[in-house]
Amino acid sequence: MKSKRKHSKIWTYAIAGIVIIGAALTVVYYRHSLQIERSRHVLRPLEHDAASVVDSQMLQGKFDKAVSTQDRQVVEAALQASDQPNLPQTQTAQTETRLGKQRIVLTQPLGTTVEDAEPTLTWDSPYGGWTYRVHIEDRDSHETVVTSSVLDEALWRVSSPLLRGRTYLWRVDASGAGNHPTAPAVTSSTGQFSVLSDQGEQQIQNARAGNPSHLLLGSLYSHYQMWREAVLEYRKLVNEVPDSPEATKLLRNAELRSNAQLAGAAPQ
């Protein structure tokens, strides 16, 4: 009996010891996890503050030695640019062709620079069940560089890389199909876009590295006429330094440019 009781006590102490060790390990684990999470929350504001300081200084014309001469010139040009006028919006008139009630309207990209050498082209279609064919030509040589296969949806990603630094014209031919087999064919007006140069691509990739400056990225996007991207960066800049009139001006001008680019996008 005594032997059984002794063994029973040993097992009880062993189980209690295991429970205590497990509880201790759990406490240590959660404390460690909490410290890691706290460190993350501390590092993020510090990184954000560092970017805010850099942007605030550049908005005042103070540039760190880490900013290259080329990037500095781009930022200074953006800061010194005059306000843009409110241009009339004539997108519909310039980017659609009508035949009766049918029309096809190019949407993106128009009058802008794209970073992807195989961009996705989109357009608005009057009906479902139509088929499309996209034609892209070099603006300077007027040679056709790529033509899509017959498409059944109003978008197409270019099937082979376009040359960087070149400007292209594009149009869409649409034919009635399905419920509209006798509908007359429609050809859109011509849209235009450029592909970002190798130099521009390298500049932007460098600016994105590390803890990027919204001012520098926005200025680079503006420099290369990537207006939608510029608007997004300048909005972040305004949120970062809301009391800066320079930041507000940059955002306003980029928004005007982004809205107006479609007005003069298509060659006449």
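The values are calculated or read from the model by the stated rules, or taken from the named source; none is laboratory data. Nothing here was measured: the structure is a model prediction, and the numbers come from that model. Please note: Cβ atoms are built from the backbone with ideal geometry, for glycine as well, and neighbour counts cover all protein chains shown. For accessibility, only protein heavy atoms count, side chains too; no ligands or nucleic acids. Shrake-Rupley method; radii C 1.70, N 1.55, O 1.52, S 1.80 Å.
Filtering the range 162-183 for residues that are touching a strand residue (DSSP E or B) at 6+ places or on another chain (Cβ under 6 Å), modelled with pLDDT under 95, closer than 23 Å to HIS223 by Cα and assigned to a strand (DSSP E or B) leaves an empty set. Number of residues in the range 196-233 that are in contact with a Lys or Arg (Cβ under 9 Å, 6 or more places away or on another chain), part of a helix (DSSP H, G or I) and within 21 Å of GLN108 (Cα to Cα) equals 8. Going through (1) open to solvent by less than 80 Å² (accessible area, probe 1.4 Å); (2) of a type outside the set (Phe, Trp, Tyr); (3) modelled with pLDDT under 85 one by one, SER68 falls short only on (3).
Selection of the range 218-228 for residues being surrounded by fewer than 24 Cβ atoms within 10 Å (Cβ to Cβ) and either touching a Gly at 6+ places or on another chain (Cβ under 6 Å) or modelled with pLDDT of 95 or more (or both) yields HIS223, TYR224. Is at least one residue of the range 225-243 within 30 Å of VAL150 (Cβ to Cβ) and touching an Asp or Glu at 6+ places or on another chain (Cβ under 8 Å)? No; the residues of the range 225-243 include none that is within 30 Å of VAL150 (Cβ to Cβ) and touching an Asp or Glu at 6+ places or on another chain (Cβ under 8 Å).
For the range 120-127, does any single residue satisfy the condition of being part of a loop (DSSP other than H, G, I, E, B), among the polar types (S, T, N, Q) and at pLDDT below 90? Talk me through it step by step, then tell me what you get.
Within the range 120-127, the subset part of a loop (DSSP other than H, G, I, E, B) is 125-127.
If we keep only those that are among the polar types (S, T, N, Q) too, we end up with 125.
Right, trim to at pLDDT below 90 and you get 125.
Checking the range 120-127: at least one residue is part of a loop (DSSP other than H, G, I, E, B), among the polar types (S, T, N, Q) and at pLDDT below 90.
Screening the candidates VAL186, VAL134, VAL145 for the property of being open to solvent by less than 30 Å² (accessible area, probe 1.4 Å), of a type outside the set (Phe, Trp, Tyr) and either at pLDDT 95 or above or under 16 Å from the mean Cα position of the chain (by Cα) (or both) yields one hit, VAL134. Say whether the condition of being within 14 Å of the chain's Cα centre (by Cα) and of a type in the set (Phe, Trp, Tyr) is met by at least one residue in the range 200-221. Within the range 200-221 (the criterion being within 14 Å of the chain's Cα centre (by Cα) and of a type in the set (Phe, Trp, Tyr)), the answer is yes, since at least one residue qualifies.
Yes/no matrix, rows are residues, columns are (1) modelled with pLDDT of 80 or more; (2) part of a strand (DSSP E or B):
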position: VAL74; (1), (2): yes, no
position: ALA77; (1), (2): yes, no
position: ARG98; (1), (2): no, yes
position: LEU106; (1), (2): yes, yes
